[in-house]
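First the structure, in the form of structure tokens, and then the observations on it.
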Ligand SMILES: [Ca+2]
């Protein structure tokens, strides 16, 4: 798909129709909540005033729509990344949000046959899918093989505080472990790992009743980061992630680890 022309100031008639453009956003495996509102337009002194011109374009002119995400979620740079767009009704479109946590911006460009281009944007926040049940790990004591002592608090407790804005980060290295003490032997059936960019590609989920003898209840390989939702039947006072292969050259970093009983 070709990129749109450099957005030119659209004709007033076209701008009015673009202002009415509405975006409805769906996402395949993550959940969206809208953030903020579209920016308010500045006062336009010519708005609504009588206007004449030598001619007007064909009012039946078809409009082509193309959509892009800000590429920040891919490369941190902030270019335009084309994304498929489905028109569901006049002026309504569906796009699939990135499977990556964060606030992302989507642009819809509309171009008529005369080269007039208008653009409408929406910001959206991608959050992990909700999990049913009780998070047994929430607020429980957590420890790890290491944590990054620089630039803030990246201690293990940050990954079980229920806050997606805080995280545990290990020091850089090929392996690490992270464990949480549930307080007593508990049964669980689901884990949700919410990774920061420094994700674990391969790891074992282990349990222990005494903190020294461990049983592996799940082995994950080939993970791609983002959110790992894992159905696993386990029981123990301690739940540990034995992180054996990292997805980047950094260490390991989790926004949250949830251990759920449903
Ligand atoms: Ca957190």
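The values are calculated or read from the model by the stated rules, or taken from the named source; none is laboratory data. Bear in mind the structure is a predicted one, so any value in this text is a computation, not a measurement. As a convention, Cβ positions derive from the backbone with ideal geometry for all residues, glycine included, and neighbour counts pool all protein chains shown.
See the values below:
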{"read-out": "Answer from 134, 83, 94, 88 - the residue that is surrounded by 15 or more Cβ atoms within 10 Å (Cβ to Cβ) and touching a residue at least 40 places away in the same chain (Cβ under 8 Å)", "value": "94"}
{"read-out": "Per-region count, segment 41-73, residues within 18 Å of the chain's Cα centre (by Cα) and modelled with pLDDT under 70", "value": "0"}
{"read-out": "Residue within segment 253-262 that is surrounded by 22 or more Cβ atoms within 10 Å (Cβ to Cβ) and farther than 29 Å from residue 74 by Cβ present", "value": "yes"}
{"read-out": "Residue 189 being in a strand (DSSP E or B), assigned by TED's automatic domain parsing to the domain that holds residue 154 and more than 16 Å from the ligand (Cβ to nearest atom)", "value": "yes"}
{"read-out": "Residue within segment 94-115 that is under 30 Å from residue 234 (Cβ atoms), more than 15 Å from the ligand (Cβ to nearest atom) and under 24 Å from the mean Cα position of the chain (by Cα) present", "value": "yes"}
{"read-out": "Residue list for segment 142-178, restricted to those being more than 16 Å from the ligand (Cβ to nearest atom) and either in a helix (DSSP H, G or I) or buried (at least 21 other Cβ atoms within 10 Å of the Cβ) (or both)", "value": "176"}
{"read-out": "Test: residue in segment 77-86 that is assigned to a strand (DSSP E or B) and closer than 22 Å to residue 196 by Cα", "value": "yes"}
{"read-out": "One residue from 89, 130, 97, 156 being closer than 14 Å to residue 65 by Cβ and out of contact with any helix residue (DSSP H, G or I) (no Cβ under 6 Å at 6 or more places or on another chain)", "value": "89"}
{"read-out": "Residue in segment 58-76 that is surrounded by the most Cβ atoms within 10 Å (Cβ to Cβ), counting only those that are assigned to a loop (DSSP other than H, G, I, E, B) and in contact with a strand residue (DSSP E or B) (Cβ under 6 Å, 6 or more places away or on another chain)", "value": "71"}
{"read-out": "Evaluation of residue 21 against (1) at pLDDT below 60; (2) surrounded by fewer than 15 Cβ atoms within 10 Å (Cβ to Cβ) (one fails), failing number", "value": "(2)"}
{"read-out": "Condition check for residue 220: without any contact (Cβ under 8 Å) to a residue 24 or more places away in the chain and over 20 Å from residue 143 (Cβ atoms)", "value": "yes"}
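Quick grid of which residues meet (1) under 21 Å from the mean Cα position of the chain (by Cα); (2) away from the ligand (no atom under 16 Å from the Cβ); (3) on the phi > 0 side of the Ramachandran plot:
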position	(1), (2), (3)
203	no, yes, no
216	no, yes, no
227	yes, no, no
235	no, yes, no
240	no, yes, no
243	no, yes, no
247	yes, yes, no
256	yes, no, no
